[in-house]
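The next block holds one structure in the form of structure tokens; read it before the comments.
Derivation of every value follows stated rules applied to the coordinates shown; laboratory data play no part. In this text, all values refer to a predicted model and were calculated from it rather than measured experimentally. Cβ atoms come from the backbone with ideal geometry, glycine included; neighbour counts cover every protein chain shown.
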Amino acid sequence: MKKAKKKTAVLLSTILLASSFSVVAAPLAQPVEAAETKAVNPSAKAHDQKVIARVSTERMFEDARYLAETIGPRVTGTEGEQKAAEFILERLASYGYEVETQEFGIPDKGVGHLQTSDNKEVLVTIPAGSGGTPNDGITAGLFDAGLGKAGDFTPEAKGKIALIARGGITFAEKVNNAIQAGAAGVLIYNNVDALAPLNPSLGGTSFDIPVGGITKESGEALLKDVAAANKTVNFNVQLLKNVKSQNIIASRTPEKGSNHEIIYVSAHFDSVPFAPGASDNASGTAVALELARVLKSYPIDKEIRFVFVGAEEIGLVGSKYYANQLNEEELKRSLVNFNMDMVGTAWENATAIYMNTIDGKANIATDTALATAERIGTPSELILYQRGASDHQSFYDVGIPAVNFIRREPGTAALEPYYHTPLDTMKYLSAERLKEAGDLVGASIYSLIRN
């Protein structure tokens, strides 16, 4: 892995990358019996307390607040993500770890800004394949193009920004029809209510005019307040190329010996556009940072690596890059990955801690967590579940047993309603659940690495 400390300052991206709520498989029964039948070392609880007594609820909550409020949205490749990386790096270095910045490229992207002539801001996403605008954007009137079918356009559309409803035909067809009518740009609004703007997929096609997605509410408001009143909007899209993201890795090895087994503790620190990302994933990042502090000086007999990854929200790009850079010797020494994502939501229905594994089967991480939960009396139910969709997938793909700890609703496996929306704020983050995650994962890790 190459060391790099380049700083990338770019505009806040307005690309919203959707993640699936779909259930891959039914939850598997919690193997509590297996945990109960294992012999417990008389000193195990004392070792657990060495971790639990030091895990600070206040420090985790304040770190999450810094990420979610002081920095705010940490969209991949933006200044916000870079600031989060710098914060993590400085904190880990202050704990005495050997810290490395691992840069990697990400796909080219567009960032956008939409404002009415009345100076009202409208949240907009810029899909892959959109064209750009001059630096000062384009100012034009809006043309109500209905569903964007060819027959919905008239000569009046020329030079205007076509305002098109979702539905009927593909997004790419809508844009093609607007281009044929001479439109200067396209705004597509959703046909269902949603907190975040629509992210229209253009099917791999690239266009010369700017294209954006907005909410149903915004589209209807623009029709009424701008199009009907013959007012204008300014639509600005800048295309960014050769953008980079980064992983931050802190390592600690035992004082004696060599070729130790490696335990990886991971969390992603980026977020989706418009979302402060308090739960997703300032929560997991704050817990991992606190565990790095707690475990910085205890004697260990295994190597521990804290891997804070960027670009998770655009397809696990950071963790894939990290895992694929591990050499054969490192892979042979790799024991397990503990990943944390959305571990602190205050949503009252998310009463269970799901232990997601890619194959739905127990492994060293889940067995260790169940045994730890039994010893320390973890309040929440632990549920083994088959699911990818987070950075544990990347470790599993290179042959490392991995688990993702995440809060969900038992039975439905639903995530919090604030997920990937502007409401993912500190208001809906639970300090108590951060502590519960820190105690469970921290004591589990320590039970594996302690000398």
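Considering only Pro410, Val336, Tyr321, the residue lying farthest towards the positive end of the dipole of the range 281-440 is Val336, judged by Cα position with unit charges set on Cβ.
Where both bridge residues fall in the chain, DSSP classifies roughly 50% of the beta bridges as antiparallel.
Proximity of backbone amide H atoms, modeled 1.01 Å from N, is registered between Thr232 and Ser117 at under 5 Å, excluding neighbours fewer than 5 places apart on the same chain. Evaluating 6.51 cos²θ - 1.76 cosθ + 1.60 at θ = phi - 60° for every residue in the range 252-265, the Karplus couplings come out as 9, 10, x, 5, 10, x, 8, 6, 6, 5, 10, 10, 10, 10 Hz, glycine and proline recorded as x.
Between the helical axis of 431-449 and the longest alpha-carbon principal axis of the chain there is an angle of about 50 degrees.
Taking the Cα centre of each part, how many Å lie between the range 129-168 and the range 83-113? Rounded to whole Å, the Cα centres lie 38 Å apart.
Express the Stokes-Einstein translational diffusion coefficient of the range 199-283 in µm² s⁻¹, to the nearest whole number, given a Kirkwood radius over alpha-carbon pairs, 4 °C and a viscosity of 1.567 mPa s. Stokes-Einstein gives a translational diffusion coefficient of 69 µm²/s. For Lys256, the aspartates and glutamates whose Cα comes closer than 16 Å to its Cα, not counting residues fewer than 8 places off in the same chain, are Asp301, Glu303. Pop the C-beta distance of Asn259 and Thr205 into the FRET formula with R0 = 45 Å and round what comes out to the nearest 0.05. About 0.30, to the nearest 0.05.
Over all projection directions, the Cα-based convex hull of the range 55-113 averages an area of 5.4 nm². What angle do you read, to the nearest 10 degrees and between 0 and 90, between the alpha-carbon axis of helix 364-376 and the longest principal axis of the chain? With both axes taken from Cα atoms, the answer is about 70 degrees. Phi-derived couplings, Karplus 6.51 cos²θ - 1.76 cosθ + 1.60 at θ = phi - 60°, listed residue by residue for the range 393-403: 4, 5, 5, 4, 5, 9, x, 9, x, 8, 9 Hz, with x used for Gly and Pro. For the pair the range 274-295 and the range 378-417, the centres of their Cα atoms are 16 angstrom apart.
Calculate for the chain the 222 nm mean residue ellipticity that helices alone would give, adding -39,500 (n - 2.57) per DSSP H run of length 4 or more and normalising by residue count, nearest 500 deg cm²/dmol. Per the formula, -8000 deg cm²/dmol. The modelled label-to-label distance for the pair Gln325/Thr170, using points 7 Å beyond Cα in the direction of Cβ, is 3.7 nm. By the scheme Lys and Arg +1, Asp and Glu -1, what is the net charge of all other residues having a beta-carbon under 13 Å from that of Asp341? Net local charge, Asp341 excluded: -4. Remark: the range 109-240 is approximated by an ellipsoid whose semi-axes, taken from the C-alpha gyration tensor as √(5λ), come to 17, 17, 15 Å, largest first. Using 0.36 nm per residue and subtracting the Cα-Cα separation, the extra length available between Thr351 and Lys158 on full extension is 64.0 nm.
Taking the charge dipole of the chain about its Cα centre, with +1 at Lys and Arg Cβ atoms and -1 at Asp and Glu Cβ atoms, the residue from Ala282, Ser206, Ser245 reaching farthest to the positive side is Ser245. The length gained by stretching the chain between Glu58 and Ser251 to full extension, at 0.36 nm per residue less their Cα-Cα distance, is 67.0 nm.
Close amide H pairs (under 5 Å, H built 1.01 Å from N) link Ala414 with Glu409, residues at least 5 positions away or on another chain. Computed over neighbours whose Cβ is under 12 Å from that of Ser218, the net charge equals -2, Lys and Arg +1, Asp and Glu -1.
Simple spin-label estimate for Lys45 and Ala228 gives 6.9 nm between the two label positions (7 Å along the Cα-to-Cβ direction from each Cα).
Only Cα pairs under 8 Å and at least 6 apart count here; give the relative contact order of the range 109-240 as a rounded whole percent. Averaging sequence separation for qualifying contacts and normalising by length gives 39 percent for the range 109-240. Residues whose amide H falls under 5 Å from that of Gly277, counting only those 5 or more places apart or on a different chain, are Asp424, with hydrogens built in the peptide plane. For the chain, the longest principal axis of the C-alpha atoms and the axis of helix 284-294 are separated by about 30°. Residues of the range 273-288 falling in the label zone of Lys427, defined by backbone nitrogen less than 13 Å from a point 7 Å along Cα to beta-carbon, are 276. Among the trypsin sites (Lys or Arg not before Pro) in the range 191-286, those located in a DSSP loop and surrounded by at most 12 other Cβ atoms within 10 Å of their own Cβ are Lys241, Lys256. Quick one: longest stretch of the chain between exposed loop GluC sites (Glu not before Pro), exposed meaning at most 12 other C-beta atoms within 10 Å and loop per DSSP? Answer - 1-254.
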